[in-house]
1. Identify all residues within segment 134-144 that are in contact (Cβ under 8 Å) with a residue 24 or more places away in the chain and either surrounded by fewer than 19 Cβ atoms within 10 Å (Cβ to Cβ) or not small (Gly, Ala, Ser) (or both); write none if there are none.
2. Going by the structure shown, is residue 67 under 30 Å from residue 151 (Cβ atoms), β-branched (Val, Ile, Thr) and out of contact with any Phe, Trp or Tyr (no Cβ under 6 Å at 6 or more places or on another chain)?
3. Among the residues of segment 29-62, write down those that are hydroxyl-bearing (Ser, Thr, Tyr) and more than 13 Å from residue 107 (Cα to Cα).
4. Every residue in segment 92-106 that is modelled with pLDDT of 90 or more and either surrounded by fewer than 18 Cβ atoms within 10 Å (Cβ to Cβ) or within 13 Å of the chain's Cα centre (by Cα) (or both), please.
5. Could you check how many residues of segment 82-116 are free of Cβ contacts under 8 Å to residues at least 40 places away in the same chain and of a type in the set (Gly, Ala, Ser)?
Amino acid sequence: MDFGKCYFLVVIECDSLLFIKSMTKQFVKFIMGGAVSAGMNFSSRVLFNLKFNYTVSIILAYGVGMIVAFCLFKIFVFEESKNSTKRSVMVFIMVNLFGLIQTVIISLLLNDYLLIIGVRQFRPEIAHLIGLGTTTITSFFGHKYFTFPKGK
């Protein structure tokens, strides 16, 4: 038995477990911050809908959610970022524009689909919540590696 290879495998496995544990903790904080910002997004969309149409309300509410998310992510999730705040804001906007496009397309398509299958009650709300949820993974990796990359 070659103990060198065995030690090497144990070290790789330990490093992987530490990486997963670190990633999981950060992802949980991301989900919590995202849930707060999604709540603000969703609530403001309902209020915006009193004055604006559904699509405009989604877009305006996304802006509210972005402001809340940026503050929470910068302070609690990605504390070790090497980017300046100015650069982080610019990249954050770019990552979230992609998320906005995802949210609008999925919300609109799902809103129509729910109507087709006979869902009448809370249809826009269901579609919007699912649309918001679909951006979780792409946003996490976009913000982790581009908006708030770790300093070296």
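1. 134, 135, 136, 138, 140, 143, 144
2. When the stated conditions are applied, residue 67 passes them.
3. Answer for segment 29-62, where residues must be hydroxyl-bearing (Ser, Thr, Tyr) and more than 13 Å from residue 107 (Cα to Cα): 37, 43, 44.
4. 92, 93, 94, 95, 96, 97, 98, 101, 102, 104, 105
5. Of the residues in segment 82-116, 1 are free of Cβ contacts under 8 Å to residues at least 40 places away in the same chain and of a type in the set (Gly, Ala, Ser).
Listed here are the residues, each with its yes/no results for (1) at pLDDT below 95; (2) loosely packed, with under 13 Cβ neighbours inside 10 Å; (3) farther than 26 Å from residue 147 by Cβ; (4) small (Gly, Ala, Ser).
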site: 9; (1), (2), (3), (4): yes, yes, yes, no
site: 13; (1), (2), (3), (4): yes, yes, yes, no
site: 20; (1), (2), (3), (4): yes, yes, no, no
site: 25; (1), (2), (3), (4): yes, yes, no, no
site: 41; (1), (2), (3), (4): yes, no, no, no
site: 72; (1), (2), (3), (4): no, no, no, no
site: 84; (1), (2), (3), (4): yes, yes, no, yes
site: 110; (1), (2), (3), (4): no, no, yes, no
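The values are calculated or read from the model by the stated rules, or taken from the named source; none is laboratory data. Since we're looking at a predicted model, the values are computed, not measured. Glycine also receives a Cβ, built like all others from the backbone with ideal geometry; neighbour counts cover every protein chain displayed.
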